Each structure stands twice: as structure tokens, then as C-alpha cells.
Amino acid sequence: MNIVRKSFPVGPLQCNCTVIGDTEAGIGYVFDPGGDATRIMATVESLGLRIIGIIHTHAHLDHILAAGEIHKQTGAPIWLHRSDRFLWDTLEQQCGMWGIPYAPVPEPAHWIEHEQDLECGGNCIHTPGHTPGSVSFYFEDSSLLIAGDTLFMGSVGRTDFPGGDAGLLKKSIQQRIYCLDESAAVVPGHGPETSIGQEMRFNSFVRADSRDF
Ligand SMILES: [Zn+2]
Ligand SMILES: [Zn+2]
């Protein structure tokens with residue numbers, strides 16, 4: 001395997017999109033295509049990858065806006081955790097709320113399972129809290145976590161949107177993220193990259209503290 005990865009902010013809410021793949025096998029994934037389909041496809045082409053999945057960390061519109069266009073251009077299936085299905089069904093209303101034009105997106109064709117393996121050495125981790133179907137993706141060999149809106153540098157995802165649960169978010173981070181390799185880089189849903197160890201020590205919302213279990 002020869003893993004390549006590019007992460008960059010896209011769309012009106014500057015969601016971090018990640019393209020990751022194995023150049024030996026020539027396949028890869030797009031995570032959270034929140035806008036700027038042209039830029040995402042240019043990145044896919046520059047890495048020489050055939051996209052085999054369009055994966056969503058959760059079903060908030062800012063992580064989905066370009067999914068329809070990427071699907072049209074690659075034919076790859078759309079992935080989502082089933083617990084966010086109810087949010088996927090409100091995409092048009094979410095766009096209305098934020099005043100963002102709605103572009104129809106096809107139905108998810110693949111339901112993400114906890115601990116499901118990806119190609120490229122990745123593994124899915126169900127990390128509910130920000131939304132019920134929030135998932136993170138851990139690439140052990142590449143020492144990388146794609147965290148969606150679960151964990152940010154020095155912060156955590158909001159839990160005041162429909163389906164949010166602050167207690168569950170904390171549990172997900174402590175029990176399913178802070179147990180991973182501390183040196184792993186974290187690509188959050190928005191803002192700069194961090195590392196698991198840095199958040200365990202300095203995140204003022206959720207520390208690695210066994211007393212909270
Ligand atoms: Zn979100
Ligand atoms: Zn977001």
C-alpha cells in the first residue's frame with residue numbers, strides 16, 4: 001500500500017474535506033464533500049485515484065453539499081451511518097435554515113457499521129453525540145483520525161442540534177478516541193489539525209480523565 005491523503009476546507013461553512021487512497025491499488029475515498037466539487041475532483045485526479053466511496057462523518061449539510069456532484073462524476077456510492085438517516089431526510093430544510101441553495105443528493109447506498117474496515121487500512125468508529133450517527137475513521141498505519149464534528153482542536157462538537165447528546169459525545173471521545181494512538185493526527189470537521197495526545201491533555205471540554213467514566 002502507498003497511502004496518500006489531502007485535507008482542505010470546502011464550501012460555505014469551510015468543512016474539512018479529505019481525499020485518501022492507495023496509489024498502488026489506485027482506489028480511494030472522499031470524506032465530507034461539503035462544497036467545491038471542482039476542487040475535490042481536481043485533487044482526486046492529481047492523486048490518480050478511482051473513488052470507491054463518498055463517506056459522511058454525519059448528516060449536517062455543510063459536510064454534504066457537493067456529494068451529489070461527486071457522485072455524478074465518480075459513480076461511487078454514498079456512505080452514512082443509519083442513525084443519521086433522519087437528518088439526511090431534512091437536508092432541504094437544513095439548507096433553508098442556513099440560506100444555502102439546495103442541490104438534491106441521492107440516497108445513501110451504504111450504511112456504515114461500527115468497526116467496519118475500509119480499504120487503505122481504515123476502520124470506522126461510531127462516535128455518537130454531535131449527532132446520533134456521527135462516525136470517525138481511524139487509519140492506524142497512517143496514524144490519522146478523521147473526526148468529523150466530534151472533536152476539534154481545543155473544542156468539541158455542538159450538541160444543541162436535533163439528536164445531539166453532550167453526555168454521549170463525552171463518552172464517545174473518552175472511550176473510543178482517547179484510547180487510540182496518542183501520536184495520531186486528527187483532522188476535525190472544521191479548523192486546524194491537532195493530535196489525539198494534545199486533546200487528551202489540553203482539550204478543556206473533554207480530557208482523558210478516568211474519573212468521568
Ligand atoms: Zn455537524
Ligand atoms: Zn460541520
I'd like the full set of residues that are more than 17 Å from the chain's Cα centre (by Cα) and either within 16 Å of ligand 1 (Cβ to nearest atom) or touching a residue at least 60 places away in the same chain (Cβ under 8 Å) (or both), limited to the stretch 175-207.
PHE205
Yes or no: VAL19 under 21 Å from SER136 (Cβ atoms), touching a Leu at 6+ places or on another chain (Cβ under 7 Å) and among the β-branched types (Val, Ile, Thr)?
yes
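For (1) more than 14 Å from PRO188 (Cα to Cα); (2) at pLDDT below 95; (3) surrounded by fewer than 16 Cβ atoms within 10 Å (Cβ to Cβ), each residue gets a yes or a no:
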site: VAL4; (1), (2), (3): yes, no, no
site: SER7; (1), (2), (3): no, no, no
site: CYS17; (1), (2), (3): no, no, no
site: GLY21; (1), (2), (3): yes, no, no
site: ALA25; (1), (2), (3): yes, no, yes
site: PHE31; (1), (2), (3): no, no, no
site: ALA37; (1), (2), (3): yes, no, no
site: MET41; (1), (2), (3): yes, no, no
What are the residues in the stretch 135-180 that are within 23 Å of LEU61 (Cα to Cα) and acidic (Asp, Glu), if any?
ASP149, ASP160, ASP165
Of everything in the stretch 124-170, what is at positive phi and surrounded by fewer than 23 Cβ atoms within 10 Å (Cβ to Cβ)? Give them in sequence order.
SER143, GLY154, GLY163
Just to check your reading of the model, which residue among GLN94, GLN73 is under 18 Å from GLY163 (Cβ atoms), out of contact with any Asp or Glu (no Cβ under 8 Å at 6 or more places or on another chain) and assigned to a helix (DSSP H, G or I)?
GLN94
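Search the stretch 45-93 for residues being among the hydrophobic types (A, V, I, L, M, F, W, C), more than 20 Å from GLY122 (Cα to Cα) and more than 15 Å from ligand 2 (Cβ to nearest atom), and hand back the single one that is surrounded by the most Cβ atoms within 10 Å (Cβ to Cβ).
Filtering the stretch 45-93 down to residues among the hydrophobic types (A, V, I, L, M, F, W, C) leaves 47, 49, 51-52, 54-55, 59, 61, 64-67, 70, 76, 78-80, 86-88, 91.
Okay, now just the ones that are also more than 20 Å from GLY122 (Cα to Cα), so 59, 61, 64-67, 70, 86-88, 91.
Narrowing further to those that are more than 15 Å from ligand 2 (Cβ to nearest atom): 70, 86.
Working: ILE70: 21, PHE86: 14.
Top of the filtered list is ILE70.
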Candidate set from the stretch 171-186 (those that are over 18 Å from ARG158 (Cβ atoms) and among the hydrophobic types (A, V, I, L, M, F, W, C)); member that is surrounded by the fewest Cβ atoms within 10 Å (Cβ to Cβ)
CYS179
Name the one entry in PRO162, PRO132 that is in a loop (DSSP other than H, G, I, E, B), in contact with a Gly (Cβ under 9 Å, 6 or more places away or on another chain) and within 16 Å of ligand 1 (Cβ to nearest atom).
PRO132
Cβ pairs under 6 Å, 6+ apart or interchain, first in the stretch 161-174 and over 20 Å from ILE146 (Cβ atoms) and without any contact (Cβ under 8 Å) to a residue 60 or more places away in the chain, second assigned to a loop (DSSP other than H, G, I, E, B) and not β-branched (Val, Ile, Thr), ordered by first then second residue, are ASP165/GLY129
Here are some residues: ILE100, ILE146. Which one is outside any loop (DSSP other than H, G, I, E, B) and either within 16 Å of ligand 2 (Cβ to nearest atom) or within 16 Å of the chain's Cα centre (by Cα) (or both)?
ILE146
Please go through the stretch 90-140 and pick out each residue that is out of contact with any strand residue (DSSP E or B) (no Cβ under 8 Å at 6 or more places or on another chain) and among the acidic types (Asp, Glu).
GLU92
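A quick yes/no check of all residues on (1) hydroxyl-bearing (Ser, Thr, Tyr); (2) within 17 Å of GLU107 (Cβ to Cβ):
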position: SER7; (1), (2): yes, no
position: VAL19; (1), (2): no, no
position: GLY28; (1), (2): no, no
position: ASP32; (1), (2): no, no
position: ALA42; (1), (2): no, no
position: GLY53; (1), (2): no, yes
position: LEU65; (1), (2): no, yes
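The values are calculated or read from the model by the stated rules, or taken from the named source; none is laboratory data. What you see is a predicted model, and the numbers here were worked out from it, not measured in a lab. Glycine gets a Cβ as well: all are built from the backbone with ideal geometry, and neighbour counts include every protein chain shown.
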